[in-house]
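This report concerns only the one structure given below.
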Amino acid sequence: MRNDFHGPACWQKDGENAVRLFVHLTPKSAKDAVEEIIEGPGGTVLKARVRAIPDKGKANQALIRLISKWLKWPKSSIEIIKGGQSRYKTLKITGESVKIIASLKTAINSG
């Protein structure tokens with residue numbers, strides 16, 4: 001995984017109690033995985049894949065489970081706030097921003 005913290009990040013602090021995470025999701029993949037940080041049309045995004053199909057929110061729920069496990073963060077604190085029917089999504093992760101960002105950096109560096 002590319003982990004260049006000197007350039008733009010794939011997240012944005014949203015006050016003291018939330019972080020927005022920008023994701024490019026590929027559904028119907030062979031595996032569930034967080035892959036790398038890439039440049040998307042709107043900026044830097046985290047590339048992720050899920051096996052679930054994009055039907056009735058199944059791929060979105062699989063993404064939330066994947067990010068929760070990847071960050072070691074509760075699923076109940078993660079929601080899709082933009083791009084529900086798009087490959088480009090904005091997730092809102094609720095909790096102490098400093099701790100969320102630390103979890104993001106740890107997950108990216110270990111991947």
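Taken together, the values in this text are just the output of simple stated rules run on the coordinates, not laboratory data. Here the structure is a predicted model, which is why all the values come from computation and not from measurement. All Cβ positions, glycine included, derive from the backbone under ideal geometry; neighbour counts span all protein chains shown.
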Taking every eigenvalue of the Cα gyration tensor of the range 11-110, multiplying by 5 and rooting it, what semi-axes result, largest first, whole Å? 20, 14, 13
In this model, which of LYS31/LYS99; LYS28/LYS92; LYS28/LYS99 are farther than 26 Å apart at the alpha-carbon? LYS31/LYS99; LYS28/LYS99
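Sorted by packing (mean other beta-carbon atoms within 10 Å per residue), highest first, where do 58-69, 84-95 land? Let's see the in-between values first.
Values: 58-69: 18.6, 84-95: 16.6.
Ranked from most to least packed, the peptides come out as 58-69, 84-95.
Where does each of 37-49, 98-110 land if you order them by average Cβ count within 10 Å, highest first?
Working: 37-49: 16.8, 98-110: 15.1.
Top to bottom by mean Cβ count within 10 Å: 37-49, 98-110.
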May I ask you to derive the relative contact order of the chain, considering only C-alpha pairs under 8 Å and at least 6 residues apart, and to give it as an integer percent? 30 percent
Backbone HN-Hα couplings from phi across the range 36-43 [Karplus 6.51/-1.76/1.60, Hz, Gly and Pro as x]: 7, 9, 10, 8, x, x, x, x
Spatially proximal aspartates and glutamates relative to LYS58 (Cα-Cα < 16 Å; intrachain offsets below 8 disregarded): ASP32, GLU79
